[in-house]
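Reading through the structure tokens given below for one structure.
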Amino acid sequence: MTGAGGPDPSAPAVELTGITKRFGGIVACDQVDLTLHRGRVHGILGENGAGKSTLMKVLIGLVLPDAGSIRIDGQPCTIHDPLAAAALGIAMVHQHFSLVDQLSVWENVALGEEGRLKSAGVRDRVAAISQQYGLDIDPDARVGELTAGLRQRVEIIKCLRRNPHILVFDEPTSVLTPEESEQLFSTLREVVAAEGRAVVLVSHKLDEVLHATDEITIMRQGRVVDHLPTREAVARSLARAMVGREVSLRSERAAFGLAEIEDPDQEPSGNGENRQLAETTPSDEPVLRIEGVTVKGRGGARLLDDISLDLRAGEIVGVAGVEGNGQRTLGDLLSSLVPLDAGRVVVNDKEVPTGSPGAMARAGVAVIPEDRHDSGVVLDMTVVENLLMVDPHRVARHGVLDKARATETAQQMIEEFDIGCSGPDAPLWSLSGGNQQRVVLARELAAEPDVLVAAQPTRGLDVGAIEYMTDRLRQTAIDGVAVLLISSELEEILELADRIVVMSRGRIVGELSQADANLETLGLMMGGSTE
Amino acid sequence: MTRGARVAEWVVLYALSVAVALAISSVIVEATGGDWWPVLEALVDGSIKASGRWGETLGVAAPLLLVALGTVISAKAGLINIGQEGQLLMGAAFAVFFSFRIGGPGPLNVVLLLLFGALGGAVWASAAGLLRYWRGVPEVLSTLLLVFVAIQAVGYGLKWQWLLLADEASRGNRNLVSEQLAKNNRIPRPDIFGNEFPITVYVALALALAVAYVLARTVWGFRLRMLGHNPRAAQRSGVSSTVYGATALAIGGAFAGLAGAAMFAGGGFSFGNYRLVPGFSDNIGWTGLLVALMARERALPAVVAAFVFAMLRTGAGFVNSTGVESRITDVVQGLLVLALLVPPAVVFLRDRRRARAAATERV
């Protein structure tokens, strides 16, 4: 299990002992021990805020610990900054990419290198690495035009080029499609097995940790709660250790993506019952009608190509597809952010002037956007302000905001949706991602919409937050709202949607009822197969 | 950080940066053969100490504050209007045209003259708004370039009697000068403890309160700030960037235009002595921009910032009489301006870094 070479092959690659880090009154890491061995993939499992990211930041020199010691290959050392970490052979593939969109792949890879830049040399190196690890990519492609999966490849190549001994992946699959994740894990195996590197996989997805690691450390509230070899791990006990309580079977499936581990034919118990409830408010008249809609991007590319879709009250329609096939544009369209080139959008029998500010919101279409920082929230404003963004007149008289009423309304929403924040006047950026998402959800549902568009609603959220979001969406549909669920997580769609459409290259290439849908047929359709 | 700690931090930052600027200034003045102490004394005398000087300083602070308030409003919408100098000049020109070609005597006329000034500034800023929202020309370019167009346009107006030029009887042998505003058309300058200043000072203060209130407490201000922070979220929430942005630019220009009119009708000897002349705006537009910068684009801090910049200006008038070469005193003034802008920049950069760190911390 130890790799060839290295100063002291018997010593573990990394030994973190008693690492403690406080931020103000919050203990992010509390006496954490972690040992990484060469030739092994070490999974670190935990909810958001469990201290995983902080621990990794300590390792790569972004955060200085308050206490504790670090040994690399048996040698004690301190890591003051990322450069020192790089010198020690530690590299990290970040959750949020640090790439320059305007530059090409090889330029991005070379970024940060010192000395004279030889483009041919870098290109060859990129080609060699991509071949060696099966990370197929065009070195001359512009990064801004790549999909999330390809960008991650660039990020990985960037790391591998420095030939690190220790490689950290922070939530690597949060932006990937299932196939891309699969590919990533095989690369990971390669990196570990053939070259004796130590790899850390930070994740909150049980499935992938069970699937791709050799040993697992579970963190909760800044502490290590368990450490065990993967072959001895059982999904259910891992989940319990991670959350600190029993998780309901239903949301467990969604949160951990366990569909592949458990029997995929076994339907979650809650769903059938819910659909029955939904059918008690039958409605044949569609609330939202998208008719022959075409949206062209810059340069005339068809981002949406003649799309037609009906949505009825009380149903959840899932839009599946590999990312970058028009889902984002569909979300933007329903957020009044892009005008149409052809077709029309009708809500409650009224045509909506798409692209006109706030038109969709006024028509009764609420949106949980794919990237909440893009159009969902204003980070520099307070929680109250974000909660009242769409309809400030609710708490205003003659155009003047009633501060007491605004605070009161916000306080109610904060309680109802259990938004974790220091108060209504806390700036939104001080909230965790899950709580920011709850702010969006609370606001959009407060508008009592007829249609709710949820684009990647659980992306990047932790177990508890996913469970909450999933329940809310289902409840919203039961309450008679037409829900459009745009997601690249197939399990999520399979679990929630009554009807599923598949998008590919801006078109709707197929439609399935929930009964007919399974991972395989959907996968085939997403891949463009017309069987 | 508590409120007290924040205040203490500002005080320390300003004390430090001003002290450094003064220290460097003293070295420069002494090294070039001047005397430092009289320079410092003149600065204090000219701005507040000598008789009648703080009134003079207030009179300068009022237009600076008005310009800064307009800047704050367009900045909140996420727009970078840097053409206040031209908008101010246009406002003055509109006020002059109204006074001598349209209006009559009396107090009502003073009010109308000020409104015309605001209209002039608004028109000039709206030209930039039109270019931005109709053709996508960045407002940072158009507002700046329109300053030079304004200078030329007003110069042209001052060549023609039917526009701005005074008739021969009233201009004597001078060229390019407007008539002098009649006494009953001027903004009153009551005397308080031996200090005179136009009552537009109170107007400017009231407007500062109004702007702060509107931005913080009204739906309009709320939506304007939303647009400035995140245009896409604003668009989705029903804020039209065209309507709100163009309005914010126009209001910003109106404030600058109002400042120009107030300078013309209330300025005394500081500003052209009730006549419009080329160069009338005298950098008040540019300086007002710095005031807004020092106030970190907030209305109430702009009140203090405007007074401080006005002090620098009135003080500098006295420094020029100390015998130290004017190029050197210009350097001193520049250093002090820089010292005023360093603390806001430091705090801005630090806050942003903290916010980013917090944002990544919580992923």
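Taking every DSSP beta bridge that has both ends in the protein assembly as shown, the antiparallel portion is near 60%. When the charge dipole of the protein assembly as shown is built from unit charges on Cβ atoms (+1 for Lys and Arg, -1 for Asp and Glu) and taken about the Cα centre, the candidate among A:G460, B:N175, B:W54 whose Cα reaches farthest toward its positive end is B:N175. Across the options B:V219, A:A396, B:S281, the greatest Cα extent toward the positive end of the charge dipole of the protein assembly as shown (unit charges at beta carbon of Lys, Arg, Asp, Glu) belongs to B:S281. Neighbour counts of other Cβ atoms within 10 Å put B:V27, A:V365, B:V342 in the fewest-to-most order B:V27, B:V342, A:V365. Taking the Cα centre of the protein assembly as shown as origin and assigning +1 to Lys and Arg Cβ atoms and -1 to Asp and Glu Cβ atoms, the resulting dipole is close to 3880 debye.
Measuring nothing but how far apart in sequence close Cα pairs (under 8 Å, 6+ apart) lie, relative to its length, segment B:57-323 scores a relative contact order of 40 percent.
Residue pairs exceeding 28 angstrom between C-alpha atoms, taken from A:K57/A:K158; B:K49/B:K76; A:K350/B:K76; A:K296/B:K76; B:K159/B:K183: B:K49/B:K76; A:K350/B:K76; A:K296/B:K76.
In this simple spin-label model, placing a label point 7 Å from the Cα along the Cα-to-Cβ direction at both A:Q102 and A:D306 gives a separation of 3.9 nm. On the basis of the beta-carbon distance and an R0 of 41 Å, B:R135 and A:R236 show a calculated FRET efficiency of 0.10. As a calculated quantity, the FRET efficiency between A:C77 and A:T20 at R0 = 22 Å, using C-beta atoms, amounts to about 0.80. Ranked for footprinting exposure by Cβ neighbours inside 10 Å, fewest first, B:S74, A:S237, A:S422 give A:S422, A:S237, B:S74. Across segment A:348-484, Cα pairs under 8 Å and at least six residues apart give a relative contact order of 30 percent. If a spin label sat at a point 7 angstrom from the Cα of A:E285 along the line to its beta carbon, the backbone N atoms of segment A:456-490 nearer than 15 Å would be those of A:482.
Of all aspartates and glutamates in the structure, those lying under 14 Å Cα to Cα from A:K52, and not within fewer than 8 positions of it along the same chain, are A:D30, A:D33, A:D170, A:E171, A:D226, A:D462, B:E361. Applying 1/(1 + (r/R0)^6) with R0 = 56 Å to the Cβ-Cβ distance of B:N175 and A:H398 gives a FRET efficiency near 0.60.
Ellipticity at 222 nm from helices only: DSSP H runs of n ≥ 4 in chain B, each -39500 (n - 2.57), divided by the residue count, give -24000 deg cm²/dmol. Packing here is the average count of other Cβ atoms within 10 Å per residue, and on that basis the peptides A:222-231, A:316-325, highest first, run A:316-325, A:222-231. Restriction of the chymotrypsin sites (Phe, Trp or Tyr not before Pro) in segment B:60-109 to DSSP coil positions whose beta-carbon has at most 13 other beta-carbons within 10 angstrom yields no sites. Taking every DSSP bridge with both residues inside chain A, close to 55 percent are antiparallel. The order of A:K118, B:K183, A:K296, B:K76, going from fewest to most other C-beta atoms within 10 Å of their C-beta, is B:K183, A:K118, A:K296, B:K76.
Taking Cα centroids, how far is segment B:304-319 from segment A:312-345 in Å? Value for the Cα centre distance between the two parts: 58 Å.
Every number in this text was worked out from the coordinates using simple rules, so none of it is lab data. Since the structure is predicted, the reported quantities are computational estimates derived from the model, not experimental observations. With ideal geometry, Cβ positions are generated from the backbone for all residues, glycine too; neighbour counts draw on all protein chains shown.
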